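Asks: Next up is a structure, given as structure tokens.
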Amino acid sequence: VKELLKATGPIYLTDFSQEIDQNNLYEKTQSEVESDFFPGSHKKKNFLSSLAHELTNEISQIPPHDYFVLGKGILTALEEKHVQVFVHSEKTQSEISNLGFDGGVSLPGCFGNCLADFVGISEANVGVNKANYFLERNASLEIFVSENGVRKTLTISYFNRANPSLGSSSKYKSYIRLLIPPESQVEDFEVVKTGQDNRTTPEVTLIHGRKEVGILHEVNPQETTTIRISWENAALLDFNQPGEYRLYWRKQAGTDSDTISVKVVMPSNLPISSSPSFSLTE
């Protein structure tokens with residue numbers, strides 16, 4: 001919606017006497033739908049409906065010279081996975097999937113002396129709030145490749161910058177899933193919180209050709225927590241022959257410019273080249 005507001009400019013909601021732009025969208029929306037809310041209230045529905053109605057009107061009247069700005073904003077939202085598309089036409093949906101705009105989980109593959117590896121993080125906010133807005137994430141992945149297999153350690157740090165005065169709407173409560181190859185063996189799973197290091201047993205499921213490792217996780221306002229997961233999978237790689245190690249990191253839909261780092265450690269004295277260069281969707 002922020003991308004659309006860049007093209008339309010501010011819009012005025014007469015029923016609520018509010019001007020909404022890309023900079024105040026979240027704060028104004030939260031204020032309207034959260035204040036004096038009670039079970040059965042239609043406040044949230046009415047405000048969001050009014051916002052959607054006025055935004056649709058503005059887009060329909062946008063002058064031709066702003067079409068490029070609007071189109072670029074929509075394309076950016078699709079490429080960064082802020083918008084995901086499903087249609088009932090199988091042929092159309094197939095083309096959308098080929099572009100990566102469907103939100104699906106792509107499992108890479110390769111043949112010969114090659115290993116196609118992948119990792120993904122999927123979060124579901126189960127706290128009945130919008131605390132995602134205040135969350136800052138950074139993740140680092142260490143990969144150790146040997147003839148015996150590939151061992152990986154993923155470290156994810158979360159900082160909740162929300163003001164504690166916001167109450168329950170400031171706590172981030174989520175179910176976090178790690179998506180990894182189905183043959184992977186999880187070796188360690190720990191949560192570091194306010195100086196405490198707690199090892200835990202996650203829920204592990206096999207679904208659609210991948211393994212999902214899940215845990216319920218909370219981050220209080222002005223708190224930093226860290227999740228560290230280690231796993232290993234076998235790899236029949238011959239280091240005496242040319243070969244490939246391919247890594248695909250799936251971006252979490254809806255997150256904005258999270259910082260990630262990848263460190264790959266290969267056997268010593270092994271000539272290494274990379275092709276193509278890394279491709280990132282912000």
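The values are calculated or read from the model by the stated rules, or taken from the named source; none is laboratory data. All values reported here derive from a predicted model rather than from experimental measurement. With ideal geometry, Cβ positions are generated from the backbone for all residues, glycine too; neighbour counts draw on all protein chains shown. Heads up: the accessible areas ignore ligands, DNA and RNA and are worked out on the full protein's heavy atoms, side chains in. Shrake-Rupley method; radii C 1.70, N 1.55, O 1.52, S 1.80 Å.
Asks: At 1.4 Å probe size, with no ligands or nucleic acids counted, give the accessible surface of D197 in Å², nearest ten.
Replies: 80 Å²
Asks: While we're here: What angle, in degrees between 0 and 90 and rounded to the nearest 10, separates the Cα long axis of helix 67-79 from the longest principal axis of the Cα atoms of the chain?
Replies: Computed tilt is about 40 degrees.
Asks: Also: Skip the ligands, DNA and RNA, and give the accessible area per residue of the chain with a 1.4 Å probe, whole Å². Could you put the intermediate results ahead of the total?
Replies: Working: 16840 Å² over 282 residues.
Accessible area per residue: 60 Å².
Asks: Once fully extended, how much extra length lies between V192 and L25, figured as 0.36 nm per residue of separation less the alpha-carbon to alpha-carbon distance?
Replies: Working: separation 167, 0.36 × 167 = 60.12 nm, distance 3.36 nm.
Stretched out fully, the V192 to L25 stretch lengthens by 56.8 nm.
Asks: Mind checking which lysines have their C-alpha under 20 Å from K45, skipping anything on the same chain fewer than 8 residues away?
Replies: K2, K28, K130
Asks: Given that just one value was derived from the coordinates, which of [x] 71, 49, 33; [y] 58, 50, 37; [z] 57, 41, 37 is Cα extents along the principal axes in Å?
Replies: Evaluating Cα extents along the principal axes in Å on these atoms matches [x].
Asks: Additional query: Select from G214, G73, G167 the residue whose mean-square fluctuation is largest in a Gaussian network model of the chain (Cα-Cα springs shorter than 10 Å).
Replies: Taking springs between Cα atoms under 10 Å, the residue moving most is G167.
Asks: Taking a threshold of 25 Å on the Cα-Cα distance, which of the pairs K171/K211; K171/K263; K173/K193 fall above it?
Replies: Working: K171/K211 28 Å; K171/K263 32 Å; K173/K193 14 Å.
From the list (K171/K211; K171/K263; K173/K193), the Cα-Cα distance tops 25 Å for K171/K211; K171/K263.
Asks: Can you tell me, using C-alpha contacts under 8 Å and at least 6 residues apart, the relative contact order of the stretch 155-249 as a whole percent? It would help to have the intermediate numbers written out before the result.
Replies: Numbers: 162 pairs, mean separation 37.9, N = 95.
It comes to 40 percent, rounded to a whole number.
Asks: Only helical DSSP H runs with n ≥ 4 go in: add -39500 (n - 2.57) per run for the chain, normalise by residue count and round the 222 nm mean residue ellipticity to 500 deg cm²/dmol.
Replies: Numbers: 5 runs with 57 residues, N = 282.
Computed ellipticity for the chain at 222 nm equals -6000 deg cm²/dmol.
Asks: Let me ask you something else. Please work out, to two decimal places, the log10 of the ratio I(q)/I(0) at q = 0.30 Å⁻¹ from a Debye calculation in which every Cα of the stretch 171-234 carries one identical scatterer.
Replies: Each listed q corresponds, in turn, to -1.35.
Asks: Would you pull out the residues with amide H under 5 Å of V262's amide H, same chain only if 5 or more places away, H placed 1.01 Å from N?
Replies: L141
Asks: Starting from the Cα gyration tensor of the stretch 109-150, multiply each eigenvalue by 5, take the square root, and state the resulting semi-axes largest first in whole Å. Walk me through the numbers before you get to the answer.
Replies: On the way: eigenvalues 245, 34, 12 Å².
In descending order the semi-axes read 35, 13, 8 Å.
Asks: Moving to a separate point now. Per-residue HN-Hα couplings for the stretch 28-33, Karplus 6.51 cos²θ - 1.76 cosθ + 1.60 at θ = phi - 60°, whole Hz, x for Gly and Pro?
Replies: 5, 5, 4, 4, 6, 8
Asks: Applying the Karplus parametrisation 6.51 cos²θ - 1.76 cosθ + 1.60 with θ = phi - 60° to the phi angles of the stretch 158-167, what ³J(HN,Hα) value in whole Hz is obtained for each residue in order, glycine and proline being reported as x?
Replies: Along the stretch 158-167, the couplings run 10, 10, 9, 8, 5, 7, x, 5, 6, x Hz.
Asks: Can you compute the charge dipole magnitude of the stretch 162-203 about its Cα centre, using +1 on each Lys and Arg Cβ and -1 on each Asp and Glu Cβ, nothing else charged? Give it in debye, rounded to the nearest 20. Intermediate results must be reported in sequence, preceding the final value.
Replies: Values: 5 positive and 6 negative charges, 82 e Å.
Dipole magnitude for the stretch 162-203 comes out near 400 debye.
Asks: Taking the Cα centre as origin and putting +1 on Lys and Arg beta-carbons and -1 on Asp and Glu beta-carbons, what dipole magnitude results for the chain, to the nearest 20 debye? Intermediate values should be presented prior to the final figure.
Replies: Working: 26 positive and 36 negative charges, 54 e Å.
The dipole magnitude comes to about 260 debye.
Asks: What area, in nm² and to one decimal, does the C-alpha convex hull of the stretch 136-282 cast on average over all directions?
Replies: 10.6 nm²
Asks: Could you work out, for the stretch 39-151, what percent of all Cα-Cα pairs fall into each 5 Å distance bin, beginning at 0 Å and stopping at the bin that holds the largest distance?
Replies: The calculated distribution, bin by bin, is 2, 7, 9, 12, 16, 16, 14, 9, 5, 3, 3, 2, 0.
Asks: For V83, which sequence-distant residues (separation of 5 or more, or a different chain) have an amide H within less than 5 Å of its own amide H, given hydrogens modelled in the peptide plane?
Replies: L78
Asks: Continuing with this model, one more query. Considering the convex hull of the alpha carbon atoms of the stretch 209-282, report its projected area averaged over all viewing directions, in nm², one decimal. Could you put the intermediate results ahead of the total?
Replies: Working: hull surface 32.3 nm².
Dividing the Cα hull surface by four gives the mean projection, 8.1 nm².
Asks: May I ask you to derive the relative contact order of the chain, considering only C-alpha pairs under 8 Å and at least 6 residues apart, and to give it as an integer percent? Kindly include the intermediate steps, with their values, before the conclusion.
Replies: On the way: 475 pairs, mean separation 56.9, N = 282.
It comes to 20 percent, rounded to a whole number.
Asks: I've got another one for you. Between D66 and S273, how high is the FRET efficiency from 1/(1 + (r/R0)^6) when r is the Cβ-Cβ distance and R₀ = 45 Å? Nearest 0.05. Mind showing how you got there, number by number?
Replies: On the way: r = 45 Å, r/R0 = 0.99.
For D66 and S273, the calculated efficiency is 0.50.
Asks: For a Förster distance of 30 Å, can you work out the FRET efficiency between the beta-carbons of S165 and A52, rounded to the nearest 0.05?
Replies: Details: r = 30 Å, r/R0 = 0.99.
Calculated value: 0.50.
Asks: Same structure, new question: Which whole-Hz ³J(HN,Hα) couplings does the stretch 129-141 yield from phi under the Karplus relation 6.51 cos²θ - 1.76 cosθ + 1.60, θ = phi - 60°, glycine and proline marked x?
Replies: So the J values, rounded to whole Hz, are 8, 10, 5, 3, 4, 8, 8, 10, 10, 9, 9, 10, 10.
Asks: Let me know the charge dipole size of the stretch 121-255 about its Cα centre in debye, to the nearest 20, where only the beta-carbon of Lys, Arg (+1) and Asp, Glu (-1) is charged.
Replies: Values: 16 positive and 16 negative charges, 130 e Å.
It works out to roughly 620 debye.
Asks: Under a 5 Å amide H to amide H cut-off, with H placed in plane at 1.01 Å, what residues pair with I121 once short-range neighbours are removed?
Replies: Residues meeting the amide H criterion: L179, R250, Q252.
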